[in-house]
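To start, the structure itself, in structure tokens.
The values are calculated or read from the model by the stated rules, or taken from the named source; none is laboratory data. Predicted model, so just to flag it, every value in this text is computed and none were measured. Virtual Cβ from ideal backbone geometry, glycine too; neighbours counted across all protein chains shown. Keep in mind that these areas ignore ligands, DNA and RNA; they rest on the heavy atoms of the full protein, side chains included. Shrake-Rupley method; radii C 1.70, N 1.55, O 1.52, S 1.80 Å.
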Amino acid sequence: MSEPDLSNAEIARYGKHLLIPEIGLSGQKKVKQAKVLIVRVGGLGSPISLYLTAAGVGTLGLIDFDRVDNSNLQRQILYSTSDVGKSKVDQAEARLMALNPLINIRKYDIRLSAENAETLVQDYDVIVDGSDNFTTRYLVNDACV
């Protein structure tokens, strides 16, 4: 599969990456081509999603069934007070697209389960487990293996 071209907007945005010998143009093209799925966009998934979005990961998938809660705002840095009660994936998409409109976001406002895990992970190159419980972690591991 050939690497995608970078637009002028992407070259301007990721210019600092292009100057790093270990990344360069070829590396940034690979980042653009990458598809990363983040399971849960809470305390762990929030900062991960921000950094991957800023870096220009081509496609970012977000799985979370939960709503933003005021008691989590101190650690779920993707959200603000005005997001309380709203869907995490909807609010995450809005924030991440505001940060970098040059990426693609796929949202899954569902709970990861044994019935859907393999189907959800199959289209992604990297799966990031941002969950906070062993059941989900084992489920992610099993689906990836």
Take the residues in the range 18-38 that are open to solvent by 30 Å² or more (accessible area, probe 1.4 Å) and not hydrophobic (A, V, I, L, M, F, W, C), then tell me which one is farthest from residue 129 (Cα to Cα). 21
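Among 36, 57, which is the only one that is of a type in the set (Val, Ile, Thr), in contact (Cβ under 8 Å) with a residue 24 or more places away in the chain and not in a loop (DSSP other than H, G, I, E, B)?
Working: 57 fails: not in a loop (DSSP other than H, G, I, E, B).
The unique qualifying residue is 36.
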Looking at the structure I just gave you, is residue 123 in a loop (DSSP other than H, G, I, E, B) and over 25 Å from residue 30 (Cα atoms)? no
Using the structure shown, decide if residue 140 is in a helix (DSSP H, G or I) and modelled with pLDDT of 95 or more. yes
Subset of the range 1-33 [in contact (Cβ under 8 Å) with a residue 60 or more places away in the chain and outside any helix (DSSP H, G or I)]: 7
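What tally of residues in the range 121-140 results from selecting those that are of a type in the set (Phe, Trp, Tyr) and in contact (Cβ under 8 Å) with a residue 40 or more places away in the chain?
The total comes to 1.
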Restricting the first residue to the range 91-113 and requiring it to be open to solvent by 60 Å² or more (accessible area, probe 1.4 Å), which pairs with a second residue that is among the charged types (D, E, K, R) meet a Cβ separation below 6 Å and a spacing of at least six or different chains? 102/10; 107/93
Which ones in the range 94-107 are part of a helix (DSSP H, G or I) and in contact with a Ser or Thr (Cβ under 9 Å, 6 or more places away or on another chain)? 95, 96, 97, 99
Report, by residue number, each residue of the range 128-142 that is open to solvent by less than 40 Å² (accessible area, probe 1.4 Å) and out of contact with any Ser or Thr (no Cβ under 9 Å at 6 or more places or on another chain). 131, 136
Test for residue 118: is it within 30 Å of residue 29 (Cβ to Cβ), surrounded by 15 or more Cβ atoms within 10 Å (Cβ to Cβ) and free of Cβ contacts under 8 Å to residues at least 40 places away in the same chain: no
Which residues, taken from the range 39-53, are assigned to a helix (DSSP H, G or I) and open to solvent by less than 50 Å² (accessible area, probe 1.4 Å)? 45, 46, 47, 49, 50, 52, 53
Quick check on the range 65-86: of everything there that is assigned to a loop (DSSP other than H, G, I, E, B) and in contact with a strand residue (DSSP E or B) (Cβ under 7 Å, 6 or more places away or on another chain), which residue is surrounded by the most Cβ atoms within 10 Å (Cβ to Cβ)? 86
Conditions (1) free of Cβ contacts under 8 Å to residues at least 24 places away in the same chain; (2) among the acidic types (Asp, Glu); (3) closer than 18 Å to residue 137 by Cβ -> residue 83 fails only (3)
